[in-house]
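Okay, structure first, notes after.
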């Protein structure tokens, strides 16, 4: 069974201790995040970044390192989401300096990301 | 009703006016209203990203009235991405119910009741950039009716998920539509003659333009059009390459043409090919002008097993005249397809709202060099990817930049727009260097002032991109965005974008040289409708420029005198009244040399000049 956006959204809501509906209404999730569609890395980056903001974690100011990613501008609506989760060490590129915007995440990768949201020590620097 | 586009291939071009060969004619489609000045308003993207809401849009409309921005010319309130449901409902666009609970008609009414105009957003692809699967591709007529019902006055149309190019989120293999196959050579037979010509033979053919290349074996590829999305590709001059073979025949008549080619689905080597024949009489049977070209093929070539496996095509029947003929291999579909897509939306809006001119703000990021063709249907065309990627959200103003190696800065956008003045005008439309970043974090007062000067001098659409709750009447930000004298330059009835007449880094061609080194001072000259002109000294450097920069009016007139309404008077004038448009100071000057010194970092000195 493929890991879906809805699976991830449910896990995020659980992590925030709110119903998934509230996570949507509070802006952490978008309406399209409540669907049984495969979870892409760019969507995960957006949800994770918004989750961090919801939790009160500030953005990293220096994200120049992220601009070295070859595909960073492939998604101009999610440049900053990708930059933040990359620089914070929560999501790593799928291959050398390629984030892999449209690649799908596995259950295992999603678990790893969720762990790093709440546990800064697990993040990769 | 269908919810997904049924389009599987680029559509045939609907007429000569859609073809590349018509781009230089400068004739807008007859249905397009011309003579409009740059749009002024507010767009939600820089301020709130996809987190914009009905509440925030209403608040912005309220602030327009409170700040009296409407009296200064700002009129459009534009909802950018993030406002629709992620899927169509019964084939139609619908409002995202949490963010926009009252629906778009009600919001449009609210905005209209304040005397303002209502703008929305969509995309020529299948999806919007933020992901919602509600792009206009194949739904232009349905969506145009929705926009008409909602009272929309302005439509920004993006380019994500575009099917016929390798745009953002498009499949990389869509490059097959935008580049011709790699060509090794041709054979032409008939009337007892047999010509075998190799691309590698420079005596037999020519590769025009700057994008085309030869590989190590002399085969021609990159036959297509440059990608202008990122910085560094000049918008000036020829943007496409064609491979032209010269065939000299002894007899007029029909010949067979065979092409040796190899296809791929990547940038530089595609599958779509256009072939044209140009000879003294080639078009005569179609009633075309002498020497006009006749397109004899416009479509996909049969794919080859690999990108290096050359094959010989079937025979194309071509008519050649006695003497020299040109057989041209090209692919202008990158531009033609994008025009076709924007035109589909343009005509759908015309049909849905025949009494109303809904402004079409084209946002294909300069990818297909819209400065060449956008004037046909668009009020304006974006020239690059975004000015900032650090967009804000409710409670966070986001960040802008003064300069950056990518597109995401004020100077990055300015550096390209400043050499694009010949592409803009009342009869065409306007170059769009993106929504402004005034009021975002990291943008100082000095930067904001100069940003406003740049956008006004360049006749750019003035779309505010800040959370207007940060502005109070009379405060620093207000004084910048409400500078009537600067807005008057942007909205001057003559409609002439300023020309760069001097740059400390370019002696010979300051008007057309695409300069990306920001350590410089530029001087811009803008003729105005009442015979005045504006001159602006812009220090792009983050260091103070202590030197005095001087430019003679004679030099300015050499570059742009033909655009002035009173050239005779300006050529003789020796005494001028100068008004500094930032400080308001007025002075009188004897002599034709205009100067400024000690220009602050990221600063400017801008005068409106009248002949005394």
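Structure notes:
- Residue B:163 being in a strand (DSSP E or B) and away from chain A (no Cβ under 14 Å): no
- Members of region A:25-34 found to be more than 8 Å from chain B (Cβ to nearest Cβ), part of a loop (DSSP other than H, G, I, E, B) and either over 29 Å from residue B:55 (Cα atoms) or under 16 Å from the mean Cα position of the chain (by Cα) (or both), listed by number: A:28, A:29
- Checked across region B:244-260, the condition of being in contact with a strand residue (DSSP E or B) (Cβ under 9 Å, 6 or more places away or on another chain) and within 14 Å of chain A (Cβ to nearest Cβ) holds for no residue.
- Any chance residue B:206 is at pLDDT below 95, over 30 Å from residue B:418 (Cα atoms) and not in a loop (DSSP other than H, G, I, E, B): no
- Among the residues examined, residue A:2 qualifies as touching a residue at least 60 places away in the same chain (Cβ under 8 Å), farther than 21 Å from residue A:88 by Cα and away from chain B (no Cβ under 13 Å).
- Of the strands (runs of 3 or more DSSP E) contained entirely in region B:524-612, those carrying at least 2 residues that are farther than 26 Å from residue B:422 by Cα fall at B:575-580, B:586-590.
- Residue check, residue A:69 touching a strand residue (DSSP E or B) at 6+ places or on another chain (Cβ under 8 Å), under 18 Å from residue B:390 (Cβ atoms) and more than 11 Å from chain B (Cβ to nearest Cβ): yes
- Taken over region A:85-102, the residue count meeting the criterion of being closer than 21 Å to residue A:115 by Cα and at the interface with another protein chain (Cβ under 10 Å from one of its Cβ atoms) is 1.
- For the residues B:415, B:403, B:431, B:441, the requirement of being under 30 Å from residue B:53 (Cβ atoms) and in contact (Cβ under 8 Å) with a residue 24 or more places away in the chain singles out B:441.
- When residues in region B:86-115 are screened for being within 25 Å of residue B:357 (Cα to Cα), more than 14 Å from every other protein chain (Cβ to nearest Cβ) and free of Cβ contacts under 8 Å to residues at least 60 places away in the same chain, 13 of them pass.
- Taking region B:319-402 as the region of interest, the strands (runs of 3 or more DSSP E) fully inside it that hold 3 or more residues being surrounded by fewer than 24 Cβ atoms within 10 Å (Cβ to Cβ) are B:323-330.
- Odd one out for residue A:53 among (1) outside any loop (DSSP other than H, G, I, E, B); (2) touching a helix residue (DSSP H, G or I) at 6+ places or on another chain (Cβ under 8 Å): (2)
- Index of the failed condition, residue A:56 passing every other in (1) without any contact (Cβ under 8 Å) to a residue 60 or more places away in the chain; (2) more than 10 Å from every other protein chain (Cβ to nearest Cβ); (3) surrounded by fewer than 19 Cβ atoms within 10 Å (Cβ to Cβ); (4) on the phi < 0 side of the Ramachandran plot: (4)
- Scanning region A:35-53 for residues that are within 11 Å of another protein chain (Cβ to nearest Cβ) and under 20 Å from residue A:117 (Cα atoms) returns A:40, A:42, A:43, A:46, A:49, A:50, A:53.
- Flag for residue B:212 being away from chain A (no Cβ under 14 Å), under 23 Å from residue B:366 (Cβ atoms), touching a strand residue (DSSP E or B) at 6+ places or on another chain (Cβ under 7 Å) and at pLDDT 95 or above: yes
The values are calculated or read from the model by the stated rules, or taken from the named source; none is laboratory data. As the structure is a computational prediction, the values presented were derived from the model and not from experiment. Note: ideal-geometry Cβ built from the backbone for every residue, glycine included; neighbour counts use all protein chains shown.
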